[in-house]
1. So Asp62 fits all but one of (1) part of a loop (DSSP other than H, G, I, E, B); (2) exposed (fewer than 11 other Cβ atoms within 10 Å of the Cβ); what number is the exception?
2. With the structure loaded, tell me whether Gln126 is surrounded by fewer than 16 Cβ atoms within 10 Å (Cβ to Cβ), at pLDDT 90 or above, closer than 28 Å to Glu38 by Cα and out of contact with any Asp or Glu (no Cβ under 6 Å at 6 or more places or on another chain) or whether it fails that test.
3. Which of the residues belonging to region 103-125 are in a strand (DSSP E or B) and among the β-branched types (Val, Ile, Thr)?
4. Name the one entry in Leu69, Leu147, Leu116, Leu109 that is among the aliphatic types (A, V, I, L, M), surrounded by 11 or more Cβ atoms within 10 Å (Cβ to Cβ) and within 21 Å of Met23 (Cα to Cα).
5. Within region 142-162, does at least one residue satisfy the condition of being touching a helix residue (DSSP H, G or I) at 6+ places or on another chain (Cβ under 7 Å), modelled with pLDDT under 95 and either assigned to a loop (DSSP other than H, G, I, E, B) or farther than 19 Å from Ser29 by Cα (or both)?
6. Of all residues in region 75-102, how many are in a loop (DSSP other than H, G, I, E, B) and in contact with a helix residue (DSSP H, G or I) (Cβ under 6 Å, 6 or more places away or on another chain)?
7. Being buried (at least 16 other Cβ atoms within 10 Å of the Cβ), under 19 Å from the mean Cα position of the chain (by Cα) and among the aliphatic types (A, V, I, L, M), is that true of even one residue in region 85-97?
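The values are calculated or read from the model by the stated rules, or taken from the named source; none is laboratory data. Keep in mind it's a predicted model, so treat the numbers as computed, not measured. A quick note on method: Cβ atoms are made from the backbone with ideal geometry, for glycine too, and the neighbour counts reach across all protein chains shown.
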Amino acid sequence: MKKKYECPARPPERAELSNNPVMMCHEISHLSRARVRELNDSEDSAAPRGTRLVLSFLATGDGVTQQELVLATHLRAPTVSVILKNLEDGGFVERRRDSVDMRSLRVYLTESGRELDRRNIDKIKQVDSLALTGLSAEETAELMLLLGRIRDNLLCDKNGKEEKEDK
C-alpha cells in the first residue's frame, strides 16, 4: 500500500537568507524530489540520489565513459560509480569495452533502462504540472528564462566564461 504524501516541513525563516532565489530553488528542488519519490514504484525507491540524472543523460546519448558521466552530471566519481553499479545490477545499464580503446568501458542503457527513464519523465511531468499550477504560459516562459540565466551563471567561471572540461 502506498503511503500518503506528507508535505515536508518548511525550513526555518532566516533574515540573512530572505529573498535569496538560489535558496528558494534549493527548497523547490527538495520538495519536487519528495513528490517524485511519492510517485515511485518499489524498484525506484532505493535509488541513490542522482540516479535519474544519470539515466536522463544516458537516454540522450549513451555509450559514454564513467568519467564523461561525472563531468556531465556534476556528480562525484564515487557517486556515479555506485549509481552505475546499482543500475547494472538491476539490468538498466550495461558496460561494454570501447571498440577502439580496449582499456575504456562505455556505458549503455538497456531497454529496461529506457523504460525506467520514460517512467521517470512521466513522474517529473506530473510534479511539474502541480508546481506550475496557476502560472500562465507567459509566467512559465519568464520563469524558465530567469532560471536558465541562474543556471548558466553557476556553470560559468568567475570571469563569465563557460567552464571547460579538463581532458
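1. In the conditions (1) part of a loop (DSSP other than H, G, I, E, B); (2) exposed (fewer than 11 other Cβ atoms within 10 Å of the Cβ), Asp62 misses (2) alone.
2. On the way: surrounded by fewer than 16 Cβ atoms within 10 Å (Cβ to Cβ): yes; at pLDDT 90 or above: yes; closer than 28 Å to Glu38 by Cα: yes; out of contact with any Asp or Glu (no Cβ under 6 Å at 6 or more places or on another chain): yes.
So Gln126 passes the test.
3. Residues of region 103-125 in a strand (DSSP E or B): 105-109.
The one that is in a strand (DSSP E or B) and among the β-branched types (Val, Ile, Thr): Val107.
4. Numbers: Leu69 fails: within 21 Å of Met23 (Cα to Cα); Leu116 fails: within 21 Å of Met23 (Cα to Cα); Leu109 fails: within 21 Å of Met23 (Cα to Cα).
Of the residues listed, the single one that is among the aliphatic types (A, V, I, L, M), surrounded by 11 or more Cβ atoms within 10 Å (Cβ to Cβ) and within 21 Å of Met23 (Cα to Cα) is Leu147.
5. Yes: one or more hits.
6. Taking region 75-102 as the starting set, the residues that turn out to be in a loop (DSSP other than H, G, I, E, B) are 75-76, 90-92, 98-102.
Of the ones still in play, those that are also in contact with a helix residue (DSSP H, G or I) (Cβ under 6 Å, 6 or more places away or on another chain) are 91-92.
Total meeting the criteria: 2.
7. Yes: one or more hits.
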